[in-house]
2 protein chains.
Amino acid sequence: MNTAATNASFAEPALRAPTHGDVLAAAARIAPHAHVTPVMRSHALDAMAGCELHFKCENLQRAGAFKFRGACNAVFSLSDEEIARGIVTQSSGNHGAAVALAARLRGTTATVVAPHSTPKIKLAAIAGYGARIVPCDTLQASRDAVTAEVLAETGGVLVHPFNDARVIAGQGTATLELLAAVPGLDALVAPVSGGGLLSGTCLAARGIDPAIELFGAEPEGARDAHDSLQCGQRITGRVADTVCDGLRSELGTLTFPILREHLRDILLVDDAAVIAAMRLIWERMKLVVEPSAAVPLAAVLARRERFAGRRVGLVLSGGNVDLDALASLFASM
Amino acid sequence: MNTAATNASFAEPALRAPTHGDVLAAAARIAPHAHVTPVMRSHALDAMAGCELHFKCENLQRAGAFKFRGACNAVFSLSDEEIARGIVTQSSGNHGAAVALAARLRGTTATVVAPHSTPKIKLAAIAGYGARIVPCDTLQASRDAVTAEVLAETGGVLVHPFNDARVIAGQGTATLELLAAVPGLDALVAPVSGGGLLSGTCLAARGIDPAIELFGAEPEGARDAHDSLQCGQRITGRVADTVCDGLRSELGTLTFPILREHLRDILLVDDAAVIAAMRLIWERMKLVVEPSAAVPLAAVLARRERFAGRRVGLVLSGGNVDLDALASLFASM
């Protein structure tokens, strides 16, 4: 979130740099509401990858994605006075549904600013949890402008999808669970969009194991995070072009420095490899995942030498996919 | 298996009536090889069904279906002399893949007699585990005739898909795990085809809880088990017409009496309800299941009064579905 208008609406705790301790606190805060998701394996995929893959199944999280962790932590961190004003957010889908559900659990309302490109199933989920939807264009500037209007109009509290310390800390709880279930992993790979999941992953993992290698995985057609880290400056204003509808945001002011400090690399993959990896997860693991969730597996399968023989954790970020669009998705690649 | 030619090839332990003790022994025998699959729940589906649903996820079993339990128990029950002769079976898909995998784990070969209607993905799985495939027609008589030929030609040992005490006992182990994970269920619902899974379910459950209500769930277009129980005679020779490719067999001589003794009812559902239930499991639980696996949920959703407020276990029997055929499957209903 870059505009002064929306920044002014942040509660102060949202914009400080989150820590490993914040992730631990988030885990305790969301425990009554979030699922501890399973970690799954596949003989077949291990053989294909030439390494040991441990999949953290956030597609089985409430509302179908890891996003519920961060949204729940943020919403349950708010004061009763803040909660009474209602929650506002912007989202390409999963965060919106997560905020809608968290708001309902806390007994308040939510308004979600969502780009026109948001998949039908994700809009239906947001509406299903009782939130109001306000449409916007896909570009970050449009998302921010409409969000600012909604905040001014409603007086609500912003829970940003990634540039919020409480959201980042919440997303990190998935990695706490993964490393508790599978101690001693050599590497972790998570998808990157705005960087909320990935920076939470970094904070959670570094506090447990200083040696673990941390990777982002990003579609070629939305490689702003990769390029931002390469040139040392946060790149904004590009138009993303990828089948991964959950990975079209750009890094935030909070997430960028965390990734710079902790990441080994961001691994790029093209959309065809993502769809092929998604299909493998459906067929071999019997798990419904959305394209964004298959990006880490696609990245690892394309780099056998790099991960050979190692123990690798991957975050299956979500499972919200339009089944009606599936045939054309498979046919397109 | 009805023909004298094939019956003659059964090892004696295959044709005696299995017991709860056999299920317990099977659990110990397959433990080094089979997965203990998770039991999953869904807030959304509970609300739709008006009861508490506990799904035993056999789609996450090795080779993608409960069938590995029975195949593994049977193959690992054989003597070294029998194993050396190789395994022969007949299967519409999942049992064939399960036997192929079990044979490979035991260090022997398998030949699978499979009807022309077997989905491509299931044939690919059988071949992928190294088994030889011999095609036949869909009718049980053709399956039996070709199986008898293969047995005569190879000298192999038959592991029947359901009319085998060791296979039935193996299938029952899923229910042992389910009732250990969720004690005190009021009812269990499993799909019925040849009756191997369902009779194993009965034996496992009855030995633990004499009061639990046991139901089969069966497609209208393959209602021979329902009608067999109604008229008290095993009905054979019908042509099944259902989208559930795993549920086109008829009851066996071993399974029929077990179902007669223990079942409360067999619940019929039409194919449209099955596909709708399958879609719900994909969308709400993020699990890939095949049509056959959705039959119990379809049956429960259609009978809200019968199950209202109760705690119900359902076996998600398998997850092997042709993704390329999916669009037409959804469109057809």
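The values are calculated or read from the model by the stated rules, or taken from the named source; none is laboratory data. Everything numeric in this text was worked out from a predicted model, so none of it was measured. Heads up, the Cβs are rebuilt from the backbone with ideal geometry, glycines too, and the neighbour counts pull from every protein chain shown.
Values for this structure:
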read-out: Some residue of segment A:140-157 being at pLDDT below 95, assigned to a helix (DSSP H, G or I) and within 10 Å of A:SER91 (Cα to Cα); value: yes
read-out: All helices (runs of 4 or more DSSP H) inside segment B:228-321 with 1 or more residues being farther than 30 Å from B:VAL159 by Cβ; value: B:271-285, B:295-301, B:304-307
read-out: Strands (runs of 3 or more DSSP E) completely within segment B:22-128 that count 2 or more residues being away from chain A (no Cβ under 14 Å) and crowded, with 22+ Cβ neighbours inside 10 Å; value: B:87-90, B:110-115
read-out: Filter result (without any contact (Cβ under 8 Å) to a residue 60 or more places away in the chain and touching a Phe, Trp or Tyr at 6+ places or on another chain (Cβ under 9 Å)) within segment B:192-232; value: B:ALA225, B:SER228, B:LEU229
read-out: Residue match in segment A:290-300 (condition: within 30 Å of B:ALA276 (Cβ to Cβ) and within 9 Å of chain B (Cβ to nearest Cβ)); value: no
read-out: Members of segment B:145-173 found to be charged (D, E, K, R) and either assigned by TED's automatic domain parsing to the domain that holds B:SER193 or closer than 30 Å to B:LEU24 by Cα (or both), listed by number; value: B:ASP164, B:ARG166
read-out: Within segment B:279-291, tally of residues that are touching a Phe, Trp or Tyr at 6+ places or on another chain (Cβ under 9 Å) and either crowded, with 23+ Cβ neighbours inside 10 Å or of a type in the set (A, V, I, L, M, F, W, C) (or both); value: 5
read-out: Those residues of segment B:195-216 which are crowded, with 24+ Cβ neighbours inside 10 Å and of a type in the set (Val, Ile, Thr), in sequence order; value: B:THR201
read-out: Test for A:ALA217: is it in contact with an Asp or Glu (Cβ under 9 Å, 6 or more places away or on another chain) and either outside any loop (DSSP other than H, G, I, E, B) or more than 14 Å from chain B (Cβ to nearest Cβ) (or both); value: no
read-out: Given (1) touching a residue at least 12 places away in the same chain (Cβ under 8 Å); (2) out of contact with any Leu (no Cβ under 7 Å at 6 or more places or on another chain), index of the condition B:ALA31 fails; value: (1)
read-out: Some residue of segment B:237-254 being under 19 Å from B:ILE168 (Cα atoms), surrounded by fewer than 22 Cβ atoms within 10 Å (Cβ to Cβ) and either touching a residue at least 12 places away in the same chain (Cβ under 8 Å) or among the aromatic types (Phe, Trp, Tyr) (or both); value: yes
read-out: Scan of segment B:236-289 for residues that are within 14 Å of chain A (Cβ to nearest Cβ) and of a type in the set (Lys, Arg), ordered by number; value: B:ARG279, B:ARG284, B:LYS286
read-out: Output for segment B:315-333, where each listed residue is more than 9 Å from chain A (Cβ to nearest Cβ) and either hydroxyl-bearing (Ser, Thr, Tyr) or under 16 Å from B:ALA47 (Cβ atoms) (or both); value: B:SER317, B:SER332
